[in-house]
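Have a look at the structure below, then the notes.
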Amino acid sequence: MIDPPERVLVVVAHPDDIDFGKAGTVAQLTAAGSYVAYCLATSGEAGEDDMTISSEELAATREQEQTTAASVLGVTSLHWLHHPDGMVENNLALRRDISRVIRIEKPDVVISQSPFRNLESTYGSHPDHMETAEATIRAVYPDSRNPRSFTTELLDQGFEPHTVPAMWIGGQDQPDLFVDITDAFEKKMQALRSHVSQVAKRDADFDLGKLMREWGERTAEKGEMDAGRLAEGYRVLNTA
């Protein structure tokens, strides 16, 4: 374990991505006094098969659900980039938009998803996740610190360069940072269940809490924690 960073920015593709994979970490960080902000590439407007619901209505619903989930964990600053759900691209526009948020929030640590495909998990390898993660890494270095990156859109608009000292990258086969979320597990589940449009049916069909507990136990085992502990794991990238 390391001392909690003063300021943290979590960057993901969709509403509920944070709460499935990182909510326990966020709860522990805010409890320890860290300031945490969120940046979401999309509003999740493609996350429903019922075509009688408009994309605009779904986006509004999912933004509200994420705002509610964030408040459970003590997070009130959310940045919505409004890139198209299901069609996120690691391009200059996304790098610019993430860099702007980094310059606004000035984090000590950026937490991201994994840029790598996991051949054991279709869900974990959603293209939006990988594209957002790679764009985040590129925004951390070199874009957010380089005054010549997107000068007209950023520096000339008053967004001063900021160097992020470290990233925590989730979804790794061999994490080297393990956050014990045992005491924060109920808060994680409360935040996750705030995403009613996404998890209510799953929760009715099977025990979502049991699944999340199993994920946490497997990660804790990798971290050689005591039996019964739960963890979320990350690969630390020094970006200073």
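The values are calculated or read from the model by the stated rules, or taken from the named source; none is laboratory data. Because the structure is a prediction, the values reported are computed rather than measured. In this analysis, Cβ positions are derived from the backbone assuming ideal geometry, glycine residues included, and neighbour counts consider all displayed protein chains.
Numbers for the structure displayed
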| item | result |
| --- | --- |
| Meets criteria (without any contact (Cβ under 8 Å) to a residue 60 or more places away in the chain and surrounded by 23 or more Cβ atoms within 10 Å (Cβ to Cβ)) for Ser43 | yes |
| Candidate set from region 161-179 (those that are part of a loop (DSSP other than H, G, I, E, B) and surrounded by 19 or more Cβ atoms within 10 Å (Cβ to Cβ)); member that is nearest to the chain's Cα centre (by Cα) | Gly171 |
| Hits in region 105-133 - residues which are out of contact with any strand residue (DSSP E or B) (no Cβ under 7 Å at 6 or more places or on another chain), touching a residue at least 12 places away in the same chain (Cβ under 8 Å) and not aromatic (Phe, Trp, Tyr) | Pro115, Arg117, Asn118, Gly124, His126, Pro127, Asp128, His129, Met130, Glu131 |
| Every residue from region 183-240 that is touching a Pro at 6+ places or on another chain (Cβ under 7 Å) and of a type in the set (Lys, Arg) | Lys222, Arg235 |
| Residues within region 185-240 that are surrounded by fewer than 17 Cβ atoms within 10 Å (Cβ to Cβ), farther than 30 Å from Pro107 by Cα and small (Gly, Ala, Ser), tallied | 5 |
| Pick from region 118-152, criterion touching a helix residue (DSSP H, G or I) at 6+ places or on another chain (Cβ under 6 Å) and assigned to a loop (DSSP other than H, G, I, E, B), ranking: surrounded by the most Cβ atoms within 10 Å (Cβ to Cβ) | Ser144 |
| Of residues in region 67-84 being within 15 Å of the chain's Cα centre (by Cα) and touching a residue at least 60 places away in the same chain (Cβ under 8 Å), the one surrounded by the most Cβ atoms within 10 Å (Cβ to Cβ) | Leu73 |
| Filter result for Ser194 (under 18 Å from Gly24 (Cβ atoms) and among the polar types (S, T, N, Q)) | yes |
| Strands (runs of 3 or more DSSP E) (entirely within region 1-114) containing at least 1 residues that are charged (D, E, K, R) and modelled with pLDDT of 95 or more | 7-12 |
| Among residues of region 134-169, those that are within 24 Å of Glu89 (Cβ to Cβ), touching a residue at least 40 places away in the same chain (Cβ under 8 Å) and of a type in the set (S, T, N, Q), counted | 3 |
| Residue that is more than 26 Å from Leu177 (Cα to Cα) and surrounded by 15 or more Cβ atoms within 10 Å (Cβ to Cβ), where the choices are Ser55, Ser34, Ser99 | Ser55 |
